[in-house]
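The values are calculated or read from the model by the stated rules, or taken from the named source; none is laboratory data. This structure is a prediction, so every number in the text was calculated from the model and none was measured. Using ideal geometry, Cβ is built from the backbone for each residue, glycine included, and neighbour counts are taken over all protein chains shown. SASA here: full protein model, heavy atoms, side chains in, ligands and nucleic acids out. Shrake-Rupley method; radii C 1.70, N 1.55, O 1.52, S 1.80 Å.
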Amino acid sequence: MIAYHGDETLKARLVAEMEAHRAQDQIVQGQYGAGDGGDFRGCAVGCALHSLFHIGVYERRTWDRHELFEPLAGIPQILARLCDKIFEGLPADEAPAFAVAFWAAPRPGADLSGVWDQFALRLLSDPERGAGRHASERARPAIAGVVALYERQVAGDRPTQDEWRSAAAAA
């Protein structure tokens, strides 16, 4: 998945729209999007879709469609969902800045296809902050199994669906 389909103008226009949403206090937690025109308010995902609508890239007026970021902006759906979850979990005064920063972060043309795998691996295995550190002794082998699959995935050796299912069952 190529960020912004390699189009720097697309990214610049989306980020400028997100900055405008932020300046007008329109980026809020707890709703994908409501209102129209100058009274629109929405979350990181809703405001980004509204921004894509405003710049003419998106034609529908539905603000909760994470899967649309792939065809519209080259952002994997799973990263849009991650953005949503992080955004909703932040303190209210930090969330709008995060929303803008998230969409500003990818470099147009960057291959984002492996970002989730690297993020999940780090989330599970980081020795200081990873899930394994906080897990019970009983859960650690299941986490180790998932970590091993993500390590393979990141290295380019794709585990089979049966291997992922087996790891899920162990968890």
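Considering the zone a paramagnetic label at ARG158 would reach in this model (a point 7 Å from Cα along the Cα-to-Cβ line), which residues of the stretch 1-43 have amide N under 18 Å from it?
Those under the cut-off are 1-2.
Cut-off 10 angstrom, C-alpha nodes, Gaussian network model of the chain. Which of LEU68, LEU124, LEU14 fluctuates the most?
LEU124
Skip the ligands, DNA and RNA, and give the accessible area per residue of the stretch 10-73 with a 1.4 Å probe, whole Å². Don't skip to the end; give the middle numbers.
Values: 2970 Å² over 64 residues.
Normalised by residue count, the accessible surface of the stretch 10-73 is 46 Å².
Given a 1.4 Å probe, how much area per residue of the stretch 85-151 is accessible, in Å²?
Numbers: 4050 Å² over 67 residues.
Spelled out: the 1.4 Å probe surface of the stretch 85-151, per residue, equals 60 Å².
Can you tell me the FRET efficiency between ASP64 and ILE86 if r is taken as the Cβ-Cβ distance and R0 is 22 Å, rounded to the nearest 0.05? Numbers along the way, then the final one.
Details: r = 16 Å, r/R0 = 0.75.
With R0 = 22 Å, the Cβ-Cβ based efficiency is 0.85.
Taking amide H positions as placed 1.01 Å from N in the peptide plane, with prolines and chain starts having none, which residues 5 or more places from ILE75, or on another chain, fall under 5 Å of its amide H?
For ILE75, the qualifying residues are TYR4, GLU70.
Tabulate in residue order the Karplus-calculated ³J(HN,Hα) for the stretch 63-72, using 6.51 cos²θ - 1.76 cosθ + 1.60 with θ = phi - 60°, rounded to whole Hz; enter x for Gly and Pro.
My calculation for the stretch 63-72 gives 10, 10, 9, 3, 5, 6, 5, 5, x, 7 Hz in order.
For the chain, modelled as a GNM with alpha-carbon contacts under 10 angstrom, which of GLY42, GLY33, GLY132 fluctuates the most?
GLY132
Report the net charge of residues surrounding GLN26, where surrounding means a beta-carbon distance below 12 angstrom and charges are Lys +1, Arg +1, Asp -1, Glu -1. Mind dumping the intermediate values first?
Numbers: positive: ARG22, ARG41; negative: GLU17, GLU19, ASP25, ASP36, ASP39.
Net local charge, GLN26 excluded: -3.
Would you mind telling me the share, in percent, of accessible area of the stretch 43-171 contributed by carbon and sulfur at probe 1.4 angstrom? List each step's numbers first, then the result.
Details: 3820 of 7170 Å².
Of the solvent-accessible surface of the stretch 43-171, carbon and sulfur hold 53 percent.
Hey, any idea what the orientation-averaged projected area of the convex hull of the chain's Cα atoms comes to, in nm²?
On the way: hull surface 44.1 nm².
For the chain, the mean projected area of the Cα convex hull comes to 11.0 nm².
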